[in-house]
Structures are given as C-alpha cells and as structure tokens.
Amino acid sequence: MLEKLESLKEKWLEIEARLNEPGVMNDMKLYAKLNRDYKELSRIVEAYERLKLIFSNLENSRHLLNTEKDEEMKEMAKEELLLLEAEKEKTEELIKNLLIPKDPMDDKNAILEIRAGTGGDEASLFAGELYRMYMRYCEMRKLKCAVVSESEGTKGGYKEIVLEIKGDGAYGILKYESGVHRVQRVPETEAQGRVHTSAASVVVLPEAEDVEVNIRDSDVKMETARSGGAGGQNVNKVETKVILTHIPSGMVVTCQTERSQLGNREKAMKMLATRLNDLAQQKQHSEISAQRKTIVSTGDRSAKIRTYNFPQNRMTDHRIGLTLYNLDSLLDGNIQEVLDALQVAENAEKLKEGVS
C-alpha cells in the first residue's frame, strides 16, 4: 500500500506543476479536470503524510521503550505507543476508503425527480414534503437547485416535480436517495385517527454531457403548450411549455420553467439525454447490483428504501437497517447523517468485494 501511496503522491506533484503552466491555465476544460484530480489526490496525500509521521513517532516511542531506564519515562512511552497504534489503525482505514475507485459520475450535476405513488392526495402531500427536504438540504450544502417541471396535487404537494441540482459532486451526494420512500401517518382528512400508508418515488440521475448521448432530431417529437401556474403576462398567452417525446424509447420529458420556447427546448433536450444516458448506465450496473448485498447507489429504484413514521417520529432506512428518531429534523433537510451512513455501507461492501 505504501508504494501505491508514494506513486499517487508523485502524480499529485506532477498535477500541481501542470496547474501552474500557462498553456494549461488557458484551457479551462483541462484546468478544471486537473484541479478536480488535484483536490481528490490531496486528501490521499494528506492522509499518507499523516501516516508517515505516525510511523516515525512509533519508531521513536519503541526505541525509547527499549533504551530508557527510567520507569516513569517507560510508562509514558507505553501510553504513547497505544495512542499511536490506534491513530495508525484509524488512518489506514481512512486511506483504504480514499483508495476505493470513485464513480466518475459522482462529480456531475444531478436531475432529481419526485413522483407521488400510492396513496392519492396524501402521496402528493408527502412528495411536496420530500421536495422541501431536498431544497433545504441543497441550501445547507450550497448546491444550486432549480425546478425544471412540476405538476401540483389537487390538495397540495406535487403529483410530480423535477429538479436540476448543480454543484460540486451533486450526483455523488444525492445518488443514494433513488427508490421508494414510504410514509405512515394519520391524514388530516381521517376522522377515526387511523394511520395510512402512502408512498412517493425518487429518482436521482447524473446530468448527461452533450457528448455522452447522441439524439437524432428525427427521433424526437416536439409539442408545445401554455405554461401553467403564476407568472407574468407571458405565462398564459404564449406556448412556451415544451413536451418532447423520444420515439424509439417512448420517453417523454416536459419543461416549462424558462420564459422562451427555445430555452425550454434546450433544457428538455438535456433532461432527455440524461434519462437516456441513465438507461445505458443501469444496464451496465445490473450485474454489480445483483452481486451486492446492500442496495445503495446501483440498486433497484422500485425497491422500498425508507419509511417515515410520523406517530413515532421515526425514520428507517431499510438498506442498512438505520433507524433515527428525529423525523422533524430530517424533513427539515438534516439528512447528512443518513447519507454518510449509506456512503460508509457502500464503501464497506466494495472493500468486501476486494476493491483496492
């Protein structure tokens, strides 16, 4: 492992030198890629330097223990050894996790789709609460979040809402949210106080680059309509809403957030490319999903992943058996603890599979 770490440090130094070259700074695409690689390797190099210092301190403490005659000093050396051994173990574990190959999709922006499932109006209301949860979380993480399309529920919430999330590693942060989210609570319309169960599905996709998916114009049927909802004079008089149908796959996307038809078409084409790219990615990941015990980032999106139980103020993530009793806080956007636990579970699974 030490040889690999030394090799990565050399690569890090090479990238550092390249970042200072005038030619590289003039090529923004290359500069951005090198800068991402540099930041990613910086964490590994920092942990490696810490490990080398621990090894040096361990050697000094062992030497002191073997040569020192003063009993008090020997006791201090023993205590120091115990602390250093624990720190060494912790740092080595961190390095193992940092060395796990990163999904290249993780750095991309994300498209997050929420759809009301079983449960009628209650499912739409719950979809609205999930939307607010993700919006608040994105605000905390300084991720830019914008609504691409929405269809409101008859009594509030949303039948469907699609978000575009931009920021460093947006997809990698939110990818674990894909799946069916189930809610258990007493609806306001329920006179007898019975707990009802309803659900909403969440899909998180990495935003496709222009070069990743080639969509022929002849394969896309475009329709327009007037945008709904509140807005200026333009809203109900001009057909700016765009509906694209990809004929070979039957996939349909809608965009109505831009003021012009052209702007909505461009955004809708990006969404279509993202969904088609995701279909291809899902096929590639199917074998990995079948082998893995924990369904995390590459799991079945129709699977129930989480239950939100209001009477008990409880949230349970069924993939990793995590139960928390702070539902109010979670729905207020404080979901980092859950996402971190899912990341740890996936890393542990990869280590079991022998990823190095």
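List of remarks:
- Total residues in the stretch 20-56, condition more than 22 Å from Lys4 (Cα to Cα) and modelled with pLDDT of 90 or more: 0
- Taking (1) in contact with an Asp or Glu (Cβ under 8 Å, 6 or more places away or on another chain); (2) charged (D, E, K, R); (3) in contact (Cβ under 8 Å) with a residue 60 or more places away in the chain in turn, Glu122 satisfies each apart from (1).
- Here is the figure for the stretch 125-151: residues that are small (Gly, Ala, Ser), in contact (Cβ under 8 Å) with a residue 12 or more places away in the chain and more than 25 Å from Asn309 (Cβ to Cβ) total 2.
- Looking at the stretch 112-214, the strands (runs of 3 or more DSSP E) lying wholly inside it that each contain 2 or more residues that are touching a helix residue (DSSP H, G or I) at 6+ places or on another chain (Cβ under 7 Å) and modelled with pLDDT of 90 or more sit at 158-166, 179-185, 196-206.
- Selection within the stretch 320-337 - within 15 Å of Tyr176 (Cβ to Cβ), touching a residue at least 60 places away in the same chain (Cβ under 8 Å) and crowded, with 17+ Cβ neighbours inside 10 Å: Leu330, Ile335
The values are calculated or read from the model by the stated rules, or taken from the named source; none is laboratory data. Please read these numbers as outputs of a predicted model, since none were measured by experiment. Cβ: placed from backbone, ideal geometry, glycine included. Neighbour counts: every protein chain shown.
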